[in-house]
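The values are calculated or read from the model by the stated rules, or taken from the named source; none is laboratory data. None of the values given here were measured: they were computed from a predicted structure. Glycine gets a Cβ as well: all are built from the backbone with ideal geometry, and neighbour counts include every protein chain shown.
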Ligand SMILES: [Zn+2]
């Protein structure tokens with residue numbers, strides 16, 4: 001994990017917000033920390049005599065966020081909301097919006113309350129590959145405790161209000177100076193400090209420790225001696241477009257990692273064990289279409305049938321999303337992502353690329369293990385996540 005802080009660059013930034021923008025961009029530049037809109041950051045400041053949290057606005061990526069990408073929210077309102085026993089995520093979102101001192105700013109991140117609860121000026125949150133990889137295995141909690149002895153470790157709960165309230169309860173008697181950060185199991189990591197540089201460096205150091213642990217305990221050797229001859233692009237585009245109900249674009253991945261991954265024994269079981277961090281589900285769905293020996297039409301029909309059964313198992317009054325797959329793995333050949341646009345297909349591929357490595361590492365740590373199918377459903381059908389995608 002490279003520390004990208006540069007004194008020469010940093011000296012141009014003097015205000016709290018300028019520094020917040022700078023280190024957010026640094027985090028965003030490492031795709032092993034955050035991908036496509038993932039992660040969030042904040043800084044606490046005083047505006048017109050009032051304590052204000054400036055927190056990443058939704059719709060912004062850390063790599064390119066600017067000052068106007070941060071939403072200014074009254075700290076007191078956020079802290080009051082944290083104490084509530086119950087609050088729906090849509091009420092939380094409207095409460096946060098109402099507490100903004102600039103109504104033209106973007107909507108605050110759904111983790112705003114959690115950022116407010118952390119009594120330090122700068123708060124950094126990422127979905128570090130190395131951290132979630134250690135976390136997403138059968139030995140996850142045990143190993144996380146080993147690698148992060150001074151972190152508060154929070155078992156998986158749904159992001160949004162439930163997570164914020166859980167942290168509120170867990171930290172009632174906590175001496176914050178006794179911990180170096182927070183690990184959200186199966187989700188990501190928080191670091192914080194009153195100094196922007198130190199908060200950033202704590203993140204880099206923590207992730208570097210996780211990487212060393214993986215290097216020592218879960219080294220994956222990708223060998224690519226597999227036959228990666230042609231894919232029938234025309235047929236795949238036709239069959240998947242029909243299933244989706246719109247014309248799709250493909251990302252065809254035949255990298256050494258994709259070939260190695262697609263050649264695994266028991267491919268269906270191996271590659272259907274869930275997502276790397278909760279928000280990925282919106283892009284990838286929980287599992288891919290696996291093509292081993294059936295024809296494509298049958299494979300897609302079976303996928304759709306299984307997706308609908310999954311929906312029925314957990315749905316209360318949700319409306320079923322498009323049941324066709326978002327990516328597929330063809331045995332010994334390729335990993336192919338589908339998007340409405342080429343960009344969307346490429347984003348899905350990026351996420352899958354990081355997930356494949358985590359799955360391979362997780363198996364070296366006793367077996368890859370993501371959040372449960374039910375938790376996955378709750379994330380996939382979260383009203384706020386659906387809203388994010390509509391943008
Ligand atoms: Zn997160």
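Worth pointing out:
- Yes/no for residue 333 being within 14 Å of residue 262 (Cβ to Cβ) and either surrounded by fewer than 24 Cβ atoms within 10 Å (Cβ to Cβ) or in contact (Cβ under 8 Å) with a residue 12 or more places away in the chain (or both): yes
- One residue stands out among those in the stretch 38-52 that are under 25 Å from residue 4 (Cβ atoms) and buried (at least 19 other Cβ atoms within 10 Å of the Cβ): the one that is nearest to the chain's Cα centre (by Cα), which is 38.
- Boolean, residue 18 is surrounded by fewer than 18 Cβ atoms within 10 Å (Cβ to Cβ) and under 19 Å from residue 105 (Cβ atoms): yes
- With respect to the conditions (1) modelled with pLDDT of 95 or more; (2) within 16 Å of the ligand (Cβ to nearest atom); (3) surrounded by fewer than 22 Cβ atoms within 10 Å (Cβ to Cβ), residue 56 lacks only one, and its number is (3).
- Candidate set: the stretch 256-282, residues that are in a helix (DSSP H, G or I) and crowded, with 22+ Cβ neighbours inside 10 Å; chosen: the one farthest from the ligand (Cβ to nearest atom): 262
- Check on residue 41, in a strand (DSSP E or B), within 16 Å of the ligand (Cβ to nearest atom), touching a strand residue (DSSP E or B) at 6+ places or on another chain (Cβ under 9 Å) and within 18 Å of residue 120 (Cα to Cα): yes
- Residue, modelled with the highest pLDDT, within the stretch 18-38, restricted to residues that are in a loop (DSSP other than H, G, I, E, B) and within 23 Å of residue 78 (Cα to Cα): 38
- Count of the stretch 252-269 residues which are in contact (Cβ under 8 Å) with a residue 60 or more places away in the chain and over 16 Å from residue 291 (Cα atoms): 2
- Positions within the stretch 285-303 being in contact (Cβ under 8 Å) with a residue 40 or more places away in the chain and under 25 Å from the mean Cα position of the chain (by Cα), in sequence order: 285, 286, 288, 289, 290
- Subset tally (residues that are surrounded by fewer than 19 Cβ atoms within 10 Å (Cβ to Cβ) and part of a helix (DSSP H, G or I)) for the stretch 240-255: 3
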